[in-house]
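Inspection log for the structure reproduced underneath, given as structure tokens.
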Amino acid sequence: MEVQAYVLIQTEVGKAATALQSIRAISGVVVAEGVTGPYDIIVTAQARTLDELGQAVVSVQVIIMSIFGL
């Protein structure tokens with residue numbers, strides 16, 4: 001059985017497209033879509049184990065932090 005996570009991301013104005021492009025390249029990311037509302041991006045990640053899923057989610061966080069200089 002696979003495990004799945006949904007990651008909701010808020011970005012700065014004009015940076016969602018850059019973030020999406022990088023996030024979609026992460027292993028374990030099944031879907032990454034731009035949306036409107038309180039969040040700008042919704043990511044669905046999937047993996048065989050919880051550890052692998054955690055690695056995918058951390059990779060998403062690292063990309064977001066690097067794009068925003070955090």
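The values are calculated or read from the model by the stated rules, or taken from the named source; none is laboratory data. Bear in mind the structure is a predicted one, so any value in this text is a computation, not a measurement. Backbone-built Cβ (ideal geometry, glycine too); neighbour counts: all protein chains shown. Heads up: the accessible areas ignore ligands, DNA and RNA and are worked out on the full protein's heavy atoms, side chains in. Shrake-Rupley method; radii C 1.70, N 1.55, O 1.52, S 1.80 Å.
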Whichever residue in the stretch 39-67 is open to solvent by 50 Å² or more (accessible area, probe 1.4 Å) and either in contact with a Pro (Cβ under 7 Å, 6 or more places away or on another chain) or hydroxyl-bearing (Ser, Thr, Tyr) (or both) and, among such residues, is farthest from Tyr6 (Cα to Cα):
Ser66
In the stretch 39-60, which residues are within 23 Å of Ala16 (Cβ to Cβ) and outside any helix (DSSP H, G or I)?
Tyr39, Asp40, Ile41, Ile42, Val43, Thr44, Ala45, Gln46
Could you check Leu8 against (1) surrounded by 13 or more Cβ atoms within 10 Å (Cβ to Cβ); (2) touching a Phe, Trp or Tyr at 6+ places or on another chain (Cβ under 8 Å) and say which number it fails?
(1)
Give me the pairs, please: first residue somewhere in the stretch 38-64 and within 16 Å of Arg24 (Cβ to Cβ) and touching a residue at least 40 places away in the same chain (Cβ under 8 Å), second residue anywhere and open to solvent by 40 Å² or more (accessible area, probe 1.4 Å) and not aliphatic (A, V, I, L, M), beta-carbon distance under 6 Å, and either six or more positions apart or on two chains.
Thr44/Tyr6; Gln46/Glu2; Gln46/Gln4; Ile63/Ser22
Of everything in the stretch 14-38 that's outside any helix (DSSP H, G or I), open to solvent by 30 Å² or more (accessible area, probe 1.4 Å) and not small (Gly, Ala, Ser), which residue is modelled with the lowest pLDDT?
Lys15
